[in-house]
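Input: a single structure, listed below in structure tokens.
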Amino acid sequence: MYLNEDCLTYLKRIEDDSIDLVLTDPPYFEIVKNDWDNQWESEEEYLEWCREWTAECVRVLKNGRCLYVWGTTKTDTFLKYKLNVLNAHNELHYQNWIIWSYDWGGRTKKTFPRKHEDLLMYSKGKDFLFNGDDVRIPYKMSKNIRAGAVNHPLGKIPTDVWSKNNHTTSKEYCGWHPTQKPISLLERVIKSNTNPGDVVLDIFSGSGSTMIACNAAGRQFMGCELDKKYYNRSLERMENYK
């Protein structure tokens with residue numbers, strides 16, 4: 001079920017404890033120039049809205065499964081969301097702060113250029129599903145590797161810093177959305193925290209990257225996108241990937 005609809009309206013349709021993974025990229029609040037990122041009168045109003053949809057996401061998420069939320073530390077609003085919204089839920093347990101590192105973007109004169117975005121991982125319950133073997137990557141050969149060390153035949157589990165530097169020129173980007181994420185990184189999250197056939201929810205679908213990643217990984221997708229333009233683009237993009 002993928003609809004052109006407000007996230008809170010959409011979430012009311014979903015039963016309790018029915019979603020295997022929530023993976024979403026909400027508006028950041030006054031970071032992007034588009035209207036959808038500047039619709040709140042104040043930061044507190046924005047955070048109150050975040051409290052509403054986060055509570056609904058926790059409600060629909062199964063116990064032992066995970067919630068991932070993208071954000072940016074360009075301002076401290078994302079930090080307040082983590083501390084005042086996510087950490088306020090007794091059912092949620094902080095697991096990871098993942099960094100997506102890249103080498104493209106603007107330059108600065110008085111600060112260090114910000115070349116990353118952030119991805120928070122929380123579990124509903126202390127024990128949670130994690131399929132690390134499904135996302136292992138090749139080892140980098142190094143003379144510093146301890147002699148006699150036994151490597152896993154599938155490679156190593158990625159660290160919490162993920163590099164993806166060809167985002168702006170690859171097929172998976174093509175300017176579909178100003179805050180679009182690489183499909184390969186979304187697929188990593190999906191494979192590591194769900195099983196084939198599981199249901200993944202994205203309530204801020206944007207250009208449909210999570211939907212495409214679910215299709216590639218053999219998972220079911222549920223989601224919504226309020227902006228009609230991006231909703232239509234995501235459907236077009238999905239057709240191009242089939």
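Some notes on this structure:
- Peptides 80-93, 209-222 ranked from most to least packed give 209-222, 80-93, packing being the mean of other C-beta atoms within 10 angstrom over each peptide's residues.
- Residues Tyr46, Tyr102, sorted so that the one with the fewest Cβ neighbours within 10 Å comes first: Tyr102, Tyr46
- For the peptides 119-131, 55-67, the ranking by mean Cβ contacts within 10 Å, running from highest to lowest, is 55-67, 119-131.
- A straight line joining the Cα centroids of the stretch 70-120 and the stretch 175-242 runs 21 Å.
- Spin-label pair Ser42-Lys115: with each label point 7 Å from Cα along the Cα-Cβ axis, the two points sit 3.9 nm from one another.
The numbers here are math on the coordinates, done by the rules we state, and not lab data. Values in this document were obtained by computation on a predicted structure and should not be read as measured data. Virtual Cβ from ideal backbone geometry, glycine too; neighbours counted across all protein chains shown.
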